[in-house]
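Read the structure below first, then the notes.
Every number in this text was worked out from the coordinates using simple rules, so none of it is lab data. Since the structure is predicted, the reported quantities are computational estimates derived from the model, not experimental observations. For neighbour counting, all protein chains shown are included, and Cβ atoms are generated from backbone atoms with ideal geometry for every residue, glycine included.
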Amino acid sequence: MKKLLLPLTVLVSPVFAQYTSLVTTRDGNQLYFSSSLRLRGTNEVDVPKIFRYSSAFDLVQQPAHSSQAFVEPEVTADGSIAGYTVQTGYCIESFCTANPPVNGVILGAYIPDNPLPSLTGRLRLSRDGKFAMACCAGLIPEIEPHLIDLRTGSVTDLQGYGAIGDGRQAFGHLANSSSAVLLMDATGPLLWDHGSITRLHFSHPPIVARMSADARTIVYESGDQGSHYELIVHEVGSGAEHVLHQGPLVPAEYGNNVPPYFQPWLSDDGSSVLFFANEQIAFELTNGSGTRVLTTATNVPEGVISATLSGDATTAYAATPQGRILRISIPSSQIEELAGPTPQLFQLQNSAAGSVNWISGATLVSGSAVPQVQVGNLQAPVIAATPSLVKFQIPWEIQPRDKVEVRVQWGLPPPFESVLTFTAATIDAQFLNPLASPFGGVPAGLAAHQDFRSYVTPTNPALPGETIHYYMSGIGPVTPALATGQRTPASGPLHHAVHLPVFCSVANVMASGDTFPKAAIRFLGLAPDYLGLYQMDLQVPDGLVNADSPLSCGFLDLENGGYRVVVTDLYARVE
């Protein structure tokens, strides 16, 4: 039996933020963030949780089940009170709600008759820990903010108002020691002080805005259609403004939903700001002096996805797409790596023992390093690896119905890990396309002609009666059996699948008028000279009327009953 000369090549390039919503205290000694990763060696749930870093990483809170996500942490300036947003209905199996219900949770403070569980909205916390707000515009637009006095539990309905953008750093103290909230209404931005309103005259509509602790300085970002992004400093007392930085043109396709580009973070005294530029972060005084680019393509080549600035402007934290967390000294610009590159696992291609398999993800390998794949407590043979895809074999020792965890590691173990959990099956049949991603959707199969020299395509169809060859994964045990990691011999006895399809039929019409003709299977088993890859040799029925037909094969679902049906294309010459 010959094998196809062309290589089995697959490429995917997923993007995922491993750490989000970084926030820190005034002195920068505590960092909070959200992540669906686990602390290494724990059995934490694989949904977004709240973590903290002080001298080490620790878990603050995690959901009790996978239908919740804990996101967008908040922390007071002194670190005594923290909070986060609970997103309910996060994901159930493959369905994720677009605008799930959300509410806030406060840690470290007693709130009389705590109203937060009954208030819908994302939590925003004042620097002094006296007030919280449930909001925010752009996230759940129909929700108007509520202001909560954490000392008394009293709630003020801010009807007619909305937060600006994500509503972060919206609290400040006026000269009379009263608290003010940065909001906007149909007229424009304003400071709200227990019903008293001070109008703010911004030169552009704001996307996001940050206010200093004394409510004297506001840095906001504009993104007018047809114009450049601008980072603008607004002095509350005088109304004076100056443009701190100009960014790229706002893409026309954004319409009225323009995302922020600079994503600023303001120091407590309003004297300095941290902001994004070209996927890196920079620091500048709000008077326009002292500009410094903190991360560059040289020291952080992968760029930054989330960042924050301490209230005293001495420390910045940054998270990168590779799963790194960095602490940056503002005075010295020195970068310290708190968490190294962390493989992120997104999806597993199939669940059958012995089969070739793929993990899609990010940072799965770097350079010439060879990743290790652990399936349960077994090391799995790795066949090939790229940063976004690892090809490996599920060990034959994995038993059907086992609940199995999969991990990938290379280099020094970071403090966090990503884990995929699956339930092993005897058969999880999938057609493969040697020229495309195994995660590319259905139909995926691409057959080779009988002589293996080319593929069956609409312009190069199979002949009636020709035996064509499909590659597959997840077909299950074979006889005679092979050991884990043992490549199928290129010659000698064939290794036949123990469980053949109950049917393989073509959705077509025969010249005789018959429909759904059977396609004879000449061989199903392990492909010679490959590791864990299956081959199905199928004879094209004579007399097909349609040139392009779905091919369906049904395998018994030995664990759950019923059938597992897989579908691909069959291109045949019509005579």
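A few notes on this one:
- According to the Cα-based calculation, Rg over Rh for the stretch 344-423 is 0.93, with Rh computed by the Kirkwood formula.
- Cα-based shape type of the stretch 234-352, given that a ≥ b ≥ c are square roots of the gyration tensor eigenvalues and the cut on a/c is 1.5: oblate
- For the pair V370 and H204, the difference between a 0.36 nm per residue extended length and the Cα-Cα distance amounts to 54.6 nm.
- Taking every Cα-Cα distance in the stretch 184-292 and sorting them into 5 Å bins starting at zero, the pair-distance distribution P(r) comes out as 2, 12, 23, 24, 19, 12, 6, 2, 0 percent.
- Nearest-0.05 FRET efficiency for D214 and Y110, computed from C-beta distance (R0 35 Å): 0.80
- Hull volume per residue, based on the alpha-carbon atoms of the stretch 466-575 and their convex hull, is 102 Å³.
- The value for the stretch 236-280 of Rg(Cα) / (2.2 N^0.38 Å) is 1.42.
- Put simply, the convex hull of the Cα atoms in the stretch 526-573 casts, on average, a shadow of 5.0 nm².
- The length gained by stretching the chain between D58 and T20 to full extension, at 0.36 nm per residue less their Cα-Cα distance, is 12.1 nm.
- Per the Cα gyration tensor, the stretch 103-200 maps to an equivalent ellipsoid with semi-axes of 20, 17, 11 Å, ordered largest to smallest.
- Reach of K403 by Cα under 14 Å, taken over aspartates and glutamates that are not fewer than 8 positions away in the same chain: E559
- Cα gyration tensor, the chain - rounded (a/c under 1.5), prolate or oblate: prolate
- Dividing the radius of gyration of the alpha carbons in the stretch 160-234 by their Kirkwood radius gives 0.96 for Rg/Rh.
- With contacts taken as Cα pairs under 8 Å and at least 6 residues apart, the stretch 426-575 reaches a relative contact order of 28 percent.
- Only Cα pairs under 8 Å and 6+ residues apart enter the sum, and on that basis the relative contact order of the chain stands at 10 percent.
- Label-to-label distance, L435 versus D185, with points set 7 angstrom from Cα along the beta-carbon direction: 6.3 nm.
- Put simply, the C-alpha atoms of the stretch 17-108 give a gyration tensor, and the ellipsoid matching it has half-axes of 23, 15, 10 Å, longest first.
- The smallest convex shape that holds all Cα atoms of the stretch 390-527, its convex hull, gives 173 Å³ per residue.
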